[in-house]
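In what follows, a structure is listed as structure tokens, so that the remarks can point back to it.
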Amino acid sequence: MSMPTPPSSPRIRAAGASLVVAIDGPAASGKSSTAQWVAQRLGFRHIDSGALYRAATAVALARAGDTFDETTVLSFVGELSLEPSRHTFAPMWNGESMEELIRAPEVTRLVSRVAQMRGVRAWVDANVRRAAEGRDVVVDGRDIGTVVFPDAHLKVFLIADPWERARRRLTQRHGRAPTDAEIAEETERLVQRDAKDATQTVQAKDAVLIDTTYLTQAEQVERIVSLARVFRDGGPEGLAPRS
Ligand code: DC
């Protein structure tokens with residue numbers, strides 16, 4: 001009797017191929033800081049795709065005010081590039097760092113609108129894929145495991161209770177413990193943002209779901225690093241690497 005052939009796993013990397021770890025999840029789920037930390041632990045580069053949506057928004061806002069449409073945004077994105085530094089890729093505007101600019105409250109207010117524009121999504125996807133070419137990367141966003149890298153070796157979807165996400169965000173912003181009233185207000189804002197970003201925030205069917213509500217950041221990083229090592233070091237026992 002012949003044995004059935006085991007299905008080959010598309011997520012086990014071929015020898016020498018670069019490895020993609022995709023981390024998706026809603027706003028303030030800790031994706032970017034976790035992805036950055038995971039990348040450093042593994043010696044991979046980190047790509048924050050949300051930073052590119054923010055960069056497109058910031059440049060449109062600066063050039064055209066807040067009434068821009070898709071054509072306007074696309075007419076300015078040529079001024080932007082995604083440049084490598086030691087552990088990460090950062091958006092630059094005519095060679096200048098945008099680190100502060102992309103975190104401005106006005107950019108945060110408008111970015112969901114820009115992230116709905118199909119042409120902008122195509123521009124971000126192309127830049128992220130180009131940056132990832134030929135190297136091991138940790139990429140975070142909303143649709144990395146579903147649209148940008150549907151064949152990523154490891155996909156993680158991070159979630160956390162909205163109250164806890166709001167508490168963490170405020171603690172980080174103000175450097176002190178927020179009051180319940182402040183957390184309640186921020187929770188409301190986050191839930192509204194979740195609704196605006198809902199169409200593109202999709203958990204891939206083959207993603208590992210991690211609820212970080214009761215985890216420290218070190219614990220979540222450790223889990224993802226352990227999962228990634230399985231793929232980096234050749235796959236779980238018994239699963240032959242794809243040739
Ligand atoms: O994660 P963030 O807050 O920096 O994301 C900024 C915006 O970009 C937010 O509206 C969600 C959107 N986004 C997206 O639609 N797809 C991605 N892959 C990453 C971010």
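Quick note: the coordinates plus some simple rules give every number you see, no bench work behind them. The structure presented is a predicted model; accordingly, all values stated were derived computationally and were not measured. Positions of Cβ are generated from backbone atoms using ideal geometry, with glycine treated the same way; all protein chains shown enter the neighbour counts.
Helix 49-64 versus the longest principal axis of the chain: what is the Cα-based angle in degrees, 0 to 90, to the nearest 10? Its long axis makes an angle of about 20 degrees.
Here's the picture: charge each Lys and Arg Cβ at +1 and each Asp and Glu Cβ at -1 in the chain, and of 76, 148, 107 the one pushed furthest to the positive end of that dipole is 148. Rounded to the nearest 0.05, the FRET efficiency derived from the C-beta distance between residue 18 and residue 181 at R0 = 35 Å is 0.15.
Largest first and in whole Å, what are the equivalent-ellipsoid semi-axes of the range 50-106 based on the Cα gyration tensor, each being the root of 5 times an eigenvalue?
20, 12, 9
When the Cα convex hull of the range 72-160 is projected onto planes of every orientation, the mean area is 7.0 nm². Taking only the alpha carbons of the chain, we obtain Rg and Dmax values of 18.9, 71 Å in that order. Note on residue 196: aspartates and glutamates with a C-alpha under 19 Å away, same-chain residues under 8 apart excluded, are 24, 66, 69, 70, 106, 140, 143, 161, 185, 186, 188. For the peptides 192-204, 22-34, residues were scored by their other Cβ atoms within 10 Å and the scores averaged per peptide; the highest-first order is 22-34, 192-204.
Other residues lying with their Cβ under 15 Å from the Cβ of residue 158 contribute a combined charge of -4, Lys and Arg counting +1, Asp and Glu -1. Cross-link partners of residue 205 among lysines, defined as those whose alpha carbon lies under 16 angstrom from its own and excluding same-chain residues fewer than eight positions apart: 155. Where is the GNM fluctuation largest for the chain (alpha-carbon springs, 10 angstrom cutoff): 173, 121, 103? Checking each option, the largest mean-square fluctuation is seen for 173. A Cβ-based charge dipole, computed about the Cα centre of the chain with Lys and Arg at +1 and Asp and Glu at -1, lands at about 460 debye.
Rounded to the nearest whole Hz, the Karplus-based 3J(HN,Hα) values (6.51 cos²θ - 1.76 cosθ + 1.60, θ = phi - 60°) of the range 117-133 follow the sequence 7, 4, x, 5, 4, 5, 5, 5, 4, 5, 5, 5, 5, 5, 5, 7, 4, with x at glycine and proline.
Sequence-ordered 3J(HN,Hα) estimates for the range 218-225 from the Karplus curve with 6.51, -1.76 and 1.60 and θ = phi - 60° stand at 4, 5, 5, 4, 4, 4, 5, 4 Hz, glycine and proline given as x.
Rounded if a/c is under 1.5, else prolate if a/b is larger than b/c, else oblate: which is the range 98-209, with a ≥ b ≥ c the root eigenvalues of its Cα gyration tensor? It comes out prolate by the Cα gyration axes. Spin-label model, residue 83/residue 173: points 7 Å from Cα along the beta carbon direction are separated by 2.9 nm. Largest GNM mean-square fluctuation among 44, 231, 68, using the chain with Cα springs under 10 Å: 68.
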